Amino acid sequence: MTFWLSDHPIEGSREKERLAHPGAGAFVSFEGWVRNEHHGRAVIALDYDAYRPLAIKEGSRILIEAQTRFHLSGIFGIHRLGYLNIGECAVWIGASAAHRREAFAACMWVMDRIKETVPIWKKEYFADGSSHWVQGAG
Amino acid sequence: MGRWVDVEGGGEKSGIVKRVRLEYFAVLREQAGVSSEFVETDTATPAELFHELRNRHGFTLTSEALRVAINGDFCGLDNELCEGDEVVFIPPVAGG
């Protein structure tokens with residue numbers, strides 16, 4: 001599988017090694033970090049949950065499609081689950097390709113697709129003590 | 001095996017009663033108060049099943065807002081529901 005779920009912190013520098021390829025002149029990675037604000041409200045943490053078997057299946061489907069669509073040498077993604085504090089990495093996507101244009105485009109495309117269809121949800125914890133499940137791509 | 005259920009009103013038969021397993025996530029889990037449950041239902045499709053569960057658990061989401069997966073794959077809300085199915089109603093996703 002090219003898309004993993006992790007209950008532990010993501011170490012991007014280690015993950016990128018799997019994407020080295022003699023034909024790849026470009027490597028691009030994206031990291032999604034937990035941010036301290038959403039729709040004007042102060043956020044202190046996010047808690048991610050997933051329907052794991054389908055999240056892995058659908059995430060892998062997206063990455064495999066990206067590999068073909070963008071003529072990549074390699075692609076890999078990890079999504080973190082559980083309680084994350086501000087600044088922690090929630091998702092890591094890496095792509096290698098002959099040239100940079102495809103690698104950049106692939107990371108953007110993959111993130112757009114993940115946010116549309118992969119069964120992962122996040123609960124926002126706000127500074128005022130309240131919390132709520134985010135509904136829909138944000 | 002399933003069994004037929006007679007419903008009142010002219011002797012019409014409802015669907016076969018099936019035992020299915022539901023797994024809930026996010027707001028549905030919060031509102032159901034459980035992460036999973038077995039239900040016996042004579043509904044024929046996930047859409048009908050959700051209507052039944054919505055009444056039981058007081059879900060605020062409507063079926064229009066949901067996707068559904070049966071046995072680990074996305075499918076339509078009008079798919080046929082079968083004995084032993086594992087059903088997951090999928091609230092609007094928010095990964096990334």
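In the list A:S96, A:S29, A:S73, which residue meets the criterion of being away from every other protein chain (no Cβ under 12 Å), out of contact with any Ser or Thr (no Cβ under 9 Å at 6 or more places or on another chain) and assigned to a strand (DSSP E or B)? If you could, list the steps in order and put the result at the bottom.
Numbers: A:S96 fails: out of contact with any Ser or Thr (no Cβ under 9 Å at 6 or more places or on another chain); A:S73 fails: out of contact with any Ser or Thr (no Cβ under 9 Å at 6 or more places or on another chain).
Just a single option satisfies the conditions, and that option is A:S29.
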Give the residues of segment B:41-73 that are surrounded by fewer than 17 Cβ atoms within 10 Å (Cβ to Cβ) and touching a Ser or Thr at 6+ places or on another chain (Cβ under 6 Å), sorted by residue number. B:E52
Tell me, please, whether a residue that is more than 14 Å from every other protein chain (Cβ to nearest Cβ), of a type in the set (D, E, K, R) and assigned to a helix (DSSP H, G or I) can be found in segment A:115-134. no
Which of the residues belonging to segment B:19-40 are assigned to a strand (DSSP E or B) and buried (at least 20 other Cβ atoms within 10 Å of the Cβ)? B:V20, B:L22
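Tell me, which residue of segment B:74-96 that is out of contact with any helix residue (DSSP H, G or I) (no Cβ under 7 Å at 6 or more places or on another chain) and over 24 Å from A:V134 (Cβ atoms) is surrounded by the fewest Cβ atoms within 10 Å (Cβ to Cβ)? Show your work before the answer.
Just the residues of segment B:74-96 that are out of contact with any helix residue (DSSP H, G or I) (no Cβ under 7 Å at 6 or more places or on another chain), to begin with: B:74-76, B:80, B:82-86, B:88, B:90, B:94.
Retained after the next criterion (residues that are over 24 Å from A:V134 (Cβ atoms)): B:75-76, B:80, B:82-86.
Working: B:C75: 16, B:G76: 12, B:E80: 11, B:C82: 13, B:E83: 11, B:G84: 9, B:D85: 18, B:E86: 14.
Looking at residues that are out of contact with any helix residue (DSSP H, G or I) (no Cβ under 7 Å at 6 or more places or on another chain) and over 24 Å from A:V134 (Cβ atoms), I get B:G84.
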Give all pairs with beta carbons closer than 8 Å in which a residue from segment B:50-75 that is within 14 Å of chain A (Cβ to nearest Cβ) meets a residue that is charged (D, E, K, R) and not in a helix (DSSP H, G or I); count only pairs at least 6 apart in sequence or on separate chains. B:I70/B:D85; B:I70/B:E86; B:N71/B:D85; B:N71/B:E86; B:G72/B:E86; B:F74/B:R67
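Out of A:Y83, A:Y48, report the one residue that is within 14 Å of chain B (Cβ to nearest Cβ), assigned to a strand (DSSP E or B) and hydroxyl-bearing (S, T, Y). Reasoning before the result, please.
Values: A:Y83 fails: within 14 Å of chain B (Cβ to nearest Cβ).
Going through A:Y83, A:Y48 in turn, the sole match is A:Y48.
Of all residues in segment A:51-64, which are more than 9 Å from chain B (Cβ to nearest Cβ) and in contact (Cβ under 8 Å) with a residue 12 or more places away in the chain?
Of all residues in segment A:51-64, those more than 9 Å from chain B (Cβ to nearest Cβ) come to A:52, A:56, A:60-64.
Selection gives A:R52, A:I56, A:S60, A:I62, A:L63, A:I64.
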Flag if B:V17 is within 30 Å of A:Y48 (Cα to Cα) and modelled with pLDDT of 90 or more: no
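Report, by residue number, each residue of segment B:41-60 that is under 10 Å from the mean Cα position of the chain (by Cα) and closer than 12 Å to B:G15 by Cβ.
Of segment B:41-60, the ones under 10 Å from the mean Cα position of the chain (by Cα) are B:41, B:43-54.
Result: B:T41, B:T43, B:A44, B:T45, B:E48, B:L49, B:E52.
In segment A:101-138, what residues are polar (S, T, N, Q) and within 14 Å of the chain's Cα centre (by Cα)? Can you show your working first?
Of all residues in segment A:101-138, those polar (S, T, N, Q) come to A:117, A:130-131, A:135.
A:T117 - this is the single residue of segment A:101-138 that is polar (S, T, N, Q) and within 14 Å of the chain's Cα centre (by Cα).
The values are calculated or read from the model by the stated rules, or taken from the named source; none is laboratory data. Values in this document were obtained by computation on a predicted structure and should not be read as measured data. Quick reminder, even Gly has a Cβ in these numbers, built from the backbone with ideal geometry, and neighbours come from all protein chains shown.
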